[in-house]
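Written below as structure tokens is the structure these notes are about.
The values are calculated or read from the model by the stated rules, or taken from the named source; none is laboratory data. The model shown is predicted, which means the values in this text are computed figures rather than measured ones. So basically every Cβ, Gly included, is an ideal-geometry build from the backbone, and we count neighbours across all protein chains shown. All accessible areas refer to the heavy atoms of the entire protein, side chains included, with ligands and DNA or RNA removed. Shrake-Rupley method; radii C 1.70, N 1.55, O 1.52, S 1.80 Å.
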Amino acid sequence: MADGNLAASFRRLISATGPISLMQFMGESNARYYSENEVFGEQGDFITAPEVSQMFGELIGLWLADIWIRAGRTEPAHYVELGPGRGFLARDAQRAMRRYGLEPRINLVEGSTRLRDVQLEQVPDAVFHNDLSTIPMEGPVLIVANEFLDALPVRQLVMTGNGWREVMVDVAEDGENFRFVAGHTPMDSAVPEKRRDAPVGTVIETCPGAAATLFEVAGRLVNQGGVALFIDYGHVAPRTGSTLQAIRNHQKRDPLEAPGEMDLTAHVDFDQMAQIALSRGAKWIGTTTQGRWLTALGIHQRADALAGFAPHYREALLRARDRLVAPDQMGELFKVLALSDPDWPDGTGFDNPD
Ligand code: SAH
């Protein structure tokens, strides 16, 4: 590894001031990772749904257009995407929305300057933001986040023989590698009372950045109208245990192995995300699986239609469709959470109409 890399600066920091929190390790690692690496696609480290097929972004664009039309076509509408990657989803959604007369301003929330340039190639009229605070306050927001929340840093607390402690990262005895250690500061007061009594080794994981994002998004929906879609892998029921993982070259790796050189992610706690949105007064349209949602939106018909235009690509199109919806591929693990302004109609593809 080259000198001056993130691992070397973590080592210096830890030797000067002691172990750092997992949250700091993950936050700085991912910021570096997304600003410097070829992340996406076959050549990169992983493939996301918008990279698998244009059908993904198109169906999202249609879903947004449908609900916007039924809500009364309020202008100016703002498409807001969090963590747009290479910009394929925004591009495909924009094309689909246009067909139905929806031409929202395109706002992309992206931390990496390198990725902003890549996104501009797909969506030349995009306006960039560092976070949600600069998104215009006038007009409904159509918010989309695919595999964004899972990249935000998590905090872990672990039950030890001495009570709850934060999970920290230290340098191992070899002076080179990293290892997990329990922090010195008692953290019992950070654990809800009903979960405090747990066997030694129990891990509770939270994502303060995801919680803050949901709080902010729900506030925007209530104040200016609109809808939000969060698509990610995660669990619907609350659970304990670490879900931290690292992906490099399409393979799972040790999360502490190479900070800044691989993607660190954690599962999204969808139940908690919905509770936060509800507590702020937003409507929870529902949470379903990606497979069920895309099927309800007509991905099978869309794949057949595209195959009709381009028979040579039939096999590839059907493979891409299966990758998005099959239960043993992305269909079950990935969930779709939809929220809206309480006055907006329900969106298609969720089983719990009110
Ligand atoms: N949605 C894309 C990319 C997912 S990867 C897709 O599905 O292909 C995560 C994205 O979130 C990247 O674009 C990354 O640069 C961005 N990101 C991660 N943390 C961020 C943060 N704190 N603020 C803004 N963008 C962030």
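Only one of the numbered conditions (1) open to solvent by 20 Å² or more (accessible area, probe 1.4 Å); (2) within 16 Å of the ligand (Cβ to nearest atom); (3) assigned to a strand (DSSP E or B); (4) among the β-branched types (V, I, T) is not met by I143, and that is (1).
Do you know which residues across region 123-139 are within 23 Å of G209 (Cα to Cα) and either outside any strand (DSSP E or B) or open to solvent by 70 Å² or more (accessible area, probe 1.4 Å) (or both)? Across region 123-139, the qualifying residues are V127, N130, D131, L132, S133, T134, I135, P136, M137. Entry remark, region 234-256: residues being modelled with pLDDT of 95 or more, surrounded by fewer than 19 Cβ atoms within 10 Å (Cβ to Cβ) and in contact with a Lys or Arg (Cβ under 8 Å, 6 or more places away or on another chain) number 1 in total.
Note on region 22-54: residues that are closer than 30 Å to P186 by Cα and surrounded by 17 or more Cβ atoms within 10 Å (Cβ to Cβ) total 8.
Across region 1-56, the number of residues qualifying as of a type in the set (V, I, T) and within 12 Å of the ligand (Cβ to nearest atom) comes to 4. Is there any pair linking a residue in region 104-122 that is farther than 25 Å from G226 by Cβ to one that is more than 9 Å from the ligand (Cβ to nearest atom) and assigned to a helix (DSSP H, G or I), with Cβ under 7 Å and at least six apart or on different chains, and which? Here the result reads none, with nothing in region 104-122 linked to a residue that is more than 9 Å from the ligand (Cβ to nearest atom) and assigned to a helix (DSSP H, G or I). Only one of the numbered conditions (1) surrounded by fewer than 21 Cβ atoms within 10 Å (Cβ to Cβ); (2) of a type in the set (A, V, I, L, M, F, W, C); (3) in contact with a Leu (Cβ under 8 Å, 6 or more places away or on another chain) is violated by A172, and that is (3). Looking only at region 262-307, residues that are more than 14 Å from L214 (Cα to Cα) and of a type outside the set (V, I, T) come to 22 in all.
The test for being surrounded by 14 or more Cβ atoms within 10 Å (Cβ to Cβ), part of a helix (DSSP H, G or I) and within 13 Å of the ligand (Cβ to nearest atom) holds for L115.
So, in region 1-19, exactly how many residues are under 18 Å from V181 (Cα atoms), surrounded by 18 or more Cβ atoms within 10 Å (Cβ to Cβ) and not aromatic (F, W, Y)?
Of the residues in region 1-19, 2 are under 18 Å from V181 (Cα atoms), surrounded by 18 or more Cβ atoms within 10 Å (Cβ to Cβ) and not aromatic (F, W, Y).
Considering region 272-311 alone, what residues qualify as being touching a residue at least 12 places away in the same chain (Cβ under 8 Å), open to solvent by 50 Å² or more (accessible area, probe 1.4 Å) and among the charged types (D, E, K, R)? Passing the criteria: R280, R292, R302.
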